Amino acid sequence: MAEYLPSPRDWVADQVELYEGSGGTDGLTLRDTGLPVIIVTNKGRRTGAVRKTPLMRVVDGGNYILVASQGGAPKHPVWYHNLVAEPNVEIRDETAVHSVRVHEVPEGAERVRLWDIAVAAFPPYKEYQEKTDRLIPVFISELAG
Ligand code: F42
C-alpha cells in the first residue's frame, strides 16, 4: 500500500483527517458554506503516493462532476495532472466509497451542461472562471469496471 502524503495546506489536510477519520460523518462541508464535499483519493503521478483531495460534491445523476478550479488560480491544481495520468480513483461521499474512473470533458455542449450544473451547486465557480485565463477543467466519473 502506497504511503499517504497529506496536502501541504493545513486547512485541506485537516478536513481530510476529520472527514476520513470519522468514516464520513464529520467535516462534510466547505467551511461555513454548508455545501457538501467529497474526498477524491488519487495517485501522485510522480511519487506514486496516495493523495486525498477534497472537492465540492456536484452530481449529474449517479455521476460526480469534479471541477479543477483551485479558487481561480492561474494554473491547474496538481491533482488535475494526477487524474489525467491515473483516472481510476476512489470517491468518498459521506459514508459511501465508490471506485470510479474519471475523464476530462472536452469543450463543447456536454461540458457547458455539466459546468452549469456545477455553478448551480457551487456558485463561486463562476467567479473563479472569470478570474483566470485558463478554461477550468471539468471531469465526469463513471463506475470503474
Ligand atoms: N479545489 C478545487 O480545485 N475544486 C474544488 O471544488 C475544491 C473544493 C474544496 C472543498 C473543501 C476543501 O477542503 C478543499 C477544496 N478544494 C477544491 C481544494 C483542493 O482540495 C486542493 O487543495 C486544491 O485544488 C489544490 O490542489 P493541488 O493538488 O494543487 O494541491 C497542492 C497544494 C498540493 O497538494 N501539492 C502537493 C505538494 O506537496 O506541493 C503535491 C501533491 C501531488 O499530488 N504531487 C504529485 C505526486 O506525485 O505526489 C506530483 C505531481 C506533479 O505533477 O508534480
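Dipole orientation for the range 11-145: of the candidates P106, Y125, V16, P106 has the Cα lying most toward the positive pole (charges on Cβ; Lys, Arg +1; Asp, Glu -1).
Classify the chain as rounded, prolate or oblate, taking a ≥ b ≥ c as the square roots of the eigenvalues of its Cα gyration tensor: rounded when a/c is under 1.5, otherwise prolate if a/b is larger than b/c and oblate if not. Since a/c stays below 1.5, the shape of the chain is classed as rounded.
Fully extending the segment from E127 to E107 would add 5.3 nm, taking 0.36 nm per residue of separation and subtracting the current Cα-Cα distance. Counting beta carbons within 10 Å around each of I38, I136 and listing the fewest first gives the order I136, I38. Taking H placed 1.01 Å from N in the peptide plane, check which residues at least 5 places from N42 or on another chain put their amide H under 5 Å from its amide H. For N42, the qualifying residues are R51, K52, T53.
Couplings 3J(HN,Hα) for the range 103-117, derived from phi with the Karplus relation 6.51 cos²θ - 1.76 cosθ + 1.60 (θ = phi - 60°), are 9, 6, 8, x, 3, x, 4, 5, 5, 4, 4, 5, 4, 5, 5 Hz, where x marks Gly and Pro. Under the simplified labelling scheme, the V84-E17 pair shows an inter-label distance of 3.2 nm, with each label point 7 Å from Cα along Cα→Cβ. Distances between placed amide hydrogens fall under 5 Å for Y64 paired with S141, all partners being 5 or more residues away or on another chain.
Using Cβ point charges alone (K and R +1, D and E -1), the dipole size of the chain about the Cα centre works out to roughly 400 debye.
Take each peptide in 66-77, 1-12, 107-118, count the other Cβ atoms within 10 Å of every residue, and average; sorted highest first, the result is 66-77, 107-118, 1-12.
In summary, the aspartates and glutamates within cross-link reach of K43, defined as a Cα separation below 13 angstrom excluding same-chain residues under 8 places away, comprise E3, E86, E90.
What is the sum of charges, Lys and Arg at +1 and Asp and Glu at -1, for the other residues whose Cβ falls under 15 Å from the Cβ of T132?
Working: positive: K75, K126, K131, R134; negative: E127, E130, D133.
In short, +1.
Throughout, read-outs are computed from the coordinates displayed, never taken from laboratory work. Remember, it's a predicted structure, so these values are computed and weren't measured experimentally. We place every Cβ from the backbone using ideal geometry, glycine too, and count neighbours over all the protein chains shown.
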